[in-house]
Amino acid sequence: MGIFVALVKTETPNYNEYIKSGYHAVLNRRTILKNELVIVLDFGGQYNQLVARRVRECNVYCEIYSYKTDIEKIKAMNPKGIILTGGPNSCYEPDSPTYSEELFKLGIPVLGLCYGAQLMSHVLGGKVERADVREYGKTEVLIDKKDSKVFEGVSETTTCWMSHFDYISKIAPGFEITAHTADCPVAAAENAAEKLYAIQFHPEVLHTVEGTKMINNFVKNVCECAGDWKMDAFVENTIAEIREKVGNGRVLLALSGGVDSSVAAGLLSKAIGKQLTCVFVDHGLLRKNEGDEVEAIFGPEGQFDLNFIRVNAQERYYNKLAGVTEPEAKRKIIGEEFIRIFEEEAKKIGTVEFLAQGTIYPDVVESGLGGESAVIKSHHNVGGLPDFVDFKEIIEPLRDLFKDEVRKAGLELGLPERLVFRQPFPGPGLGVRIIGEVTAEKVRIVQDADAIYREEIENAGLDKTIGQYFAALTNMRSVGVMGDERTYDYAVALRAVNTVDFMTAEAAEIPYEVLNKVMSRVINEVRGVNRIFYDLTSKPPGTIEFE
């Protein structure tokens, strides 16, 4: 589950200001594919989404595909550039992920990162071997070719993030070494004439100090992308696309009240008004008082032009989840009940041709679609409709955006900041913040503890400086003493992380006095709790949520 400690201190970066900085740029998919697209071929690396994210920071649209993607499909997409990710394998092993030499003969610039760099060298006639000295973590890299297009403006000695046990022992014909480290003779190599670039380290992670500059150099200097991807155009064009697709049809949206589904509702509402019906399923796994708050925003007295239906399904969910302890089983039950309820509500209101969802790009990739990494979240209904659902098609207006891009779109739509910057909340709700079986009593405990935690974070003025924070209920019970009596109650874990893109995260350093106040209030005010932990685990190796 992670590492728990009692105390932390220091400051946290201003995440809210970062999100609102406005550098993001997005156009709708149809327009972009006729203009500028960089694709990432995923070889199973843990940073695949970060690669795409960094390209987008350069105002260039980027999508992730499996290394198994056919070469003809790649040609049809006509990308301006291709980036090969890292991966856990050795490229010289017979069954390792690979790609044909044809990829490097298309005339399209290719950037190989870590495994991708080794694979490029291996396929094109170089040699890759097991290194005598492995490199992991921050490493000083010396730039040998200062006029390299990918190293333009990069310091002669720069700190980069290494993570490899193989190394390029012989560069491929036509390549030259452009950077090295004390233990790695080929930290980077290139064949500039063929627009092929191999980088052994990871420029996509924040630990590589000038990594974003290197990626920007690749997409601008080598791929010659203009970088004119605009968020206001995304909103305008997406609304137009929704109108064209829906016509006179009706749309049913799964509305949770979280950021993603709320922004999706805003887009759909502006596009089709009362043709949209939002079904809010109160499954009893929401944060304290959240059901009423969602209804106040989206219901008949709210600010949106749409139809709103609230389904109180708490008992239905508790009955389905009784005795279930395995995380994936809980996710699947919760997801299936959502679909069942939507189907029931659709039949009640008549013909509904479209099902809308607030799916965002990390959901798509983490569900095993679009990349090669392992399935991390199975509750996301992305990529198609279940056989038993009668809707004509799924509409996912946000499926090409990362979380902070969704927030930016929300501001462009004129949604209130309190909604746009609302704390992220998982689709299965508290079902993945309660370890073990879900019961009404456990839900009460975590709701009350979480409400106190969020209140004290806001009182301390930290709510705009932390990426995400919440309380979770562990399945651990321990002996305690309250008054003159012994107790045997639950331990609550507090989680708070700083993150830019929710693909990686580090534990937030919350002042001790704040944590101490939360501890005191939870133990005194929440029946059934006698111990508080603080979770220090980063992502990776952990996830932000608990299950």
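The values are calculated or read from the model by the stated rules, or taken from the named source; none is laboratory data. Given the structure is predicted, the values throughout are model-derived calculations rather than measurements. Cβ atoms come from the backbone with ideal geometry, glycine included; neighbour counts cover every protein chain shown. For accessibility, only protein heavy atoms count, side chains too; no ligands or nucleic acids. Shrake-Rupley method; radii C 1.70, N 1.55, O 1.52, S 1.80 Å.
Mind listing whichever residues of the range 530-547 are at pLDDT below 95, β-branched (Val, Ile, Thr) and closer than 17 Å to residue 491 by Cβ?
Of everything in the range 530-547, just one residue is at pLDDT below 95, β-branched (Val, Ile, Thr) and closer than 17 Å to residue 491 by Cβ, namely 537.
Among the residues of the range 257-272, what is the count of those that are over 28 Å from residue 471 (Cβ atoms), touching a residue at least 40 places away in the same chain (Cβ under 8 Å) and buried (at least 21 other Cβ atoms within 10 Å of the Cβ)?
Adding up the residues that qualify gives 3.
The conditions are (1) assigned to a strand (DSSP E or B); (2) open to solvent by less than 20 Å² (accessible area, probe 1.4 Å); (3) free of Cβ contacts under 8 Å to residues at least 60 places away in the same chain; (4) not hydrophobic (A, V, I, L, M, F, W, C), and residue 96 fails exactly one of them. Which is it?
Tallying (1) assigned to a strand (DSSP E or B); (2) open to solvent by less than 20 Å² (accessible area, probe 1.4 Å); (3) free of Cβ contacts under 8 Å to residues at least 60 places away in the same chain; (4) not hydrophobic (A, V, I, L, M, F, W, C), residue 96 fails exactly one: (1).
Which one of 155, 163 is in a loop (DSSP other than H, G, I, E, B), farther than 20 Å from residue 55 by Cα and either in contact (Cβ under 8 Å) with a residue 60 or more places away in the chain or among the small types (Gly, Ala, Ser) (or both)?
155
For the list (1) open to solvent by less than 20 Å² (accessible area, probe 1.4 Å); (2) over 19 Å from residue 167 (Cβ atoms); (3) among the acidic types (Asp, Glu), I need the number of the one condition that residue 135 fails.
Exception for residue 135: condition (2).
Check residue 438 against each of (1) under 26 Å from residue 327 (Cα atoms); (2) open to solvent by 20 Å² or more (accessible area, probe 1.4 Å); (3) aliphatic (A, V, I, L, M) and name the one condition it does not meet.
It is condition (2) that residue 438 fails.
Only one of (1) open to solvent by less than 50 Å² (accessible area, probe 1.4 Å); (2) free of Cβ contacts under 8 Å to residues at least 12 places away in the same chain fails for residue 542. Which number is that?
Of (1) open to solvent by less than 50 Å² (accessible area, probe 1.4 Å); (2) free of Cβ contacts under 8 Å to residues at least 12 places away in the same chain, only one is false for residue 542: (2).
Under 7 Å by Cβ, and 6 or more places apart or on different chains, what pairs join a residue from the range 338-352 that is closer than 14 Å to residue 278 by Cα and touching a residue at least 12 places away in the same chain (Cβ under 8 Å) with one that is open to solvent by less than 40 Å² (accessible area, probe 1.4 Å) and assigned to a helix (DSSP H, G or I)?
Matching pairs, first to second residue: 352/346.
Please count how many residues of the range 11-37 are open to solvent by less than 40 Å² (accessible area, probe 1.4 Å), out of contact with any Pro (no Cβ under 6 Å at 6 or more places or on another chain) and either among the hydrophobic types (A, V, I, L, M, F, W, C) or modelled with pLDDT of 90 or more (or both).
5
Would you pick out the residues in the range 273-317 that are open to solvent by 40 Å² or more (accessible area, probe 1.4 Å) and either assigned to a loop (DSSP other than H, G, I, E, B) or closer than 18 Å to residue 433 by Cα (or both)?
288, 289, 300, 301, 303, 305, 314
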